Ligand SMILES: Cc1cc2nc3c(=O)[nH]c(=O)nc-3n(C[C@H](O)[C@H](O)[C@H](O)COP(=O)(O)OP(=O)(O)OC[C@H]3O[C@@H](n4cnc5c(N)ncnc54)[C@H](O)[C@@H]3O)c2cc1C
Ligand SMILES: Cc1cc2nc3c(=O)[nH]c(=O)nc-3n(C[C@H](O)[C@H](O)[C@H](O)COP(=O)(O)O)c2cc1C
Ligand code: SF4
């Protein structure tokens, strides 16, 4: 990228990058030979540094993939044209490394067996490439997918099927004798085992599955399958690495293993956790594990808080599995959980805890729109719960994450959706991958999507919208109108108990409306502090 190097990028052919749109310069034959020799020198250094194996990246739109692909390689010399010629760059790298590496040294090649684009590699051609790489001396093939034009599929989020690339590994395995590795949303040991048993691959690769729970292999070995914290495929991790850090919704300890130690307390305290959402559950678990006497009060009849709504939208079922895990982990501790128990200043005073962790969620306030209150507009949570009684023609005001997911939920049930967002993009606040997929789903289902559009009035079955520099417009005939909610800090209870509770902490959405990631992280961090 010129942004980093100040140089024009190079490529097999002058075809613009689908990501940055920058035009690369075509590599000369001499430069190609030089790059091949640098790959070989790199491998030699890795071997002498003591690595047990090498994986050469020939996938995902990087340089070797660009040579293999008909989409990015339009050369007419020995390195372009037929499948064999486009494979030559990769082949010479493997042959060169093979000459320098000890006899059975593992040299793995990672390929995109399907680039998921119109003109890119498909499985059939990749099978030919696999045979060429096998002949060149490759020890194993790691079968992935996509390039930068299809990057929204490459690290498959919850909108894509579990194990969505496994069929590609199986397709490659049927034409080679060397081991084949499968990757892509393989979420648990049972699934991994069935891939092996069904002969679809010889090895199974866990990426995010191990970010979510690095202890998975030991838990599987000890048959503690219920204790495995499953990745929800939300892709917050991949988004975070552009900020030079790694965060995970379900694993707040990733990258912080040295700080996140649940050391037993020397002074067990009587602690009340208010709220059984992700923040309260996480805090209760850590505090109990550390030896405190914990009681959790939840005013509702079930645990999970707002996160119960998070798994209602299509394809988000894995979030419910994670919530079940979170609840199970708390139930395994000595924490006393009381449902249907609302914490008030009086009831807390009466309980007389030494510490209160307030995890009672955000103060939800309806966005003020003229006419909303008098004309029966309801909020997103009410719409999720009462979807059957909403009628068929529904207007959703606010195309943020919650509005988009509600639109998807209702459109999937055959309802006619009009979604209005005042900003210029839908789903702002969602990670790029799920945002792309939810928007595509809405378009495919025929939802009417209005961006740069403000709802200025809500009436009886109608709304008045205004698009910048245009006259106001009336959209009529709605059976239901849904309005957005602001999630504001919920500080009143803290203020009222501070005079008589020695330590009060506020965590999660109660401190500031965000997502389960922050709620869980704060629950755990405050749990360690006390
Ligand atoms: C439709 C929707 C989709 C979402 N999707 C995602 C997503 O995909 N990913 C993500 O990370 N986040 C998502 N979120 C946000 C996420 O659910 C919240 O950020 C998270 O649940 C906040 O956790 P919390 O524990 O702080 O609060 P909450 O989950 O709100 O829990 C607070 C709990 O406290 C209880 N309570 C309140 N007052 C009292 C009281 N006085 N006494 C006792 N109990 C009380 C409430 O009943 C509730 O159970 C979504 C939210 C919604 C609504
Ligand atoms: C945080 C993160 C960083 C990644 N970095 C790379 C990378 O540098 N190069 C690459 O080819 N793939 C990268 N990937 C993709 C993974 O190698 C893997 O193909 C993908 O996550 C799908 O596997 P999984 O479902 O097991 O996570 C990354 C994925 C994640 C989550
Ligand atoms: S951030 Fe989301 S996708 Fe990434 S490992 Fe954690 S749960 Fe999985």
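Rule-based calculations on the coordinates, nothing more; no lab input. The structure displayed is predicted, hence computed values, not measured ones. A quick note on method: Cβ atoms are made from the backbone with ideal geometry, for glycine too, and the neighbour counts reach across all protein chains shown.
Plugging the Kirkwood radius over Cα pairs into Stokes-Einstein for segment 348-391, at a temperature of 37 °C and a viscosity of 0.692 mPa s, what D comes out in µm²/s? Translational diffusion coefficient: 232 µm²/s. In terms of overall dimensions, the C-alpha atoms belonging to segment 290-353 reach 44, 26, 14 Å along their principal axes, ordered largest to smallest.
Take every DSSP beta bridge with both residues inside segment 365-486 and express the antiparallel ones as a percent of the total, to the nearest 5.
45
Computed from Cα atoms alone, the Kirkwood hydrodynamic radius reported for segment 439-530 is 17.6 Å. The modelled label-to-label distance between residue 341 and residue 389, using points 7 Å beyond Cα along the C-beta direction, is 3.1 nm.
Sequence-distant contacts, meaning Cα pairs under 8 Å at least 6 residues apart, place the relative contact order of segment 365-486 at 36 percent. Protection proxy ranking for 8-19, 51-62, 215-226, 128-139, using the average of other Cβ atoms within 10 Å per residue and placing the highest first: 128-139, 51-62, 8-19, 215-226.
What percent antiparallel are the DSSP beta bridges of the chain, to the nearest 5?
Antiparallel: roughly 20 percent of the beta bridges in the chain.
Normalised by residue number, the volume inside the convex hull of the Cα atoms of segment 246-313 is 86 Å³ per residue. Give the residues of segment 108-140 whose amide nitrogen is closer than 13 Å to a point set 7 Å from the Cα of residue 15 in the direction of its Cβ. Flagged as within label range: 115-122.
Kindly identify segment 316-418 as rounded, prolate or oblate by the Cα gyration tensor criterion: order the square roots of the eigenvalues as a ≥ b ≥ c, call it rounded if a/c is under 1.5, otherwise compare a/b with b/c, prolate if a/b is larger, else oblate. It would help to have the intermediate numbers written out before the result.
On the way: a/c = 3.10, a/b = 1.68, b/c = 1.85.
Verdict is oblate for segment 316-418.
Ranked for footprinting exposure by Cβ neighbours inside 10 Å, fewest first, 302, 208 give 302, 208.
Can you give the FRET efficiency for residue 365 and residue 131, using 1/(1 + (r/R0)^6), R0 = 51 Å, r = Cβ-Cβ distance, to the nearest 0.05? Using R0 = 51 Å, I get an efficiency of 0.25. Ordering 104, 324 by the number of other Cβ atoms within 10 Å of each residue's own Cβ, fewest first, gives 104, 324.
Simple spin-label estimate for residue 100 and residue 222 gives 4.3 nm between the two label positions (7 Å along the Cα-to-Cβ direction from each Cα). A straight line joining the Cα centroids of segment 41-63 and segment 277-307 runs 46 Å. A simple spin-label model places the labels of residue 331 and residue 382 3.2 nm from each other, with each point 7 Å out along Cα-to-Cβ. Principal-axis analysis of the Cα atoms of the chain puts helix 123-136 at an angle of about 50° to the longest axis. Its alpha carbons give the chain an Rg and a Dmax of 27.2, 84 Å.
Remark: the Cα gyration tensor places segment 2-205 in the oblate category, a/c being 1.5 or greater and a/b not exceeding b/c. Taking the longest Cα principal axis of the chain as reference, the axis of helix 401-412 is set at about 80 degrees. Under the criterion of Cα pairs below 8 Å and six or more residues apart, the relative contact order for segment 465-530 equals 24 percent.
Each principal axis of segment 365-486 carries a Cα extent, and these read 36, 36, 27 Å when sorted largest first. For segment 183-325, a Kirkwood radius taken over Cα pairs fed into Stokes-Einstein (37 °C, viscosity 0.692 mPa s) yields D = 191 µm²/s.
Exposure proxy for 153, 384: other Cβ atoms within 10 Å of each Cβ, ordered fewest to most, give 384, 153.
What angle, in degrees between 0 and 90 and rounded to the nearest 10, separates the Cα long axis of helix 29-48 from the longest principal axis of the Cα atoms of the chain? Here the helix axis deviates by roughly 70 degrees.
Please compute the alpha carbon radius of gyration of segment 145-192, then divide it by the globular-protein estimate 2.2 N^0.38 Å. Two decimals is fine.
1.23
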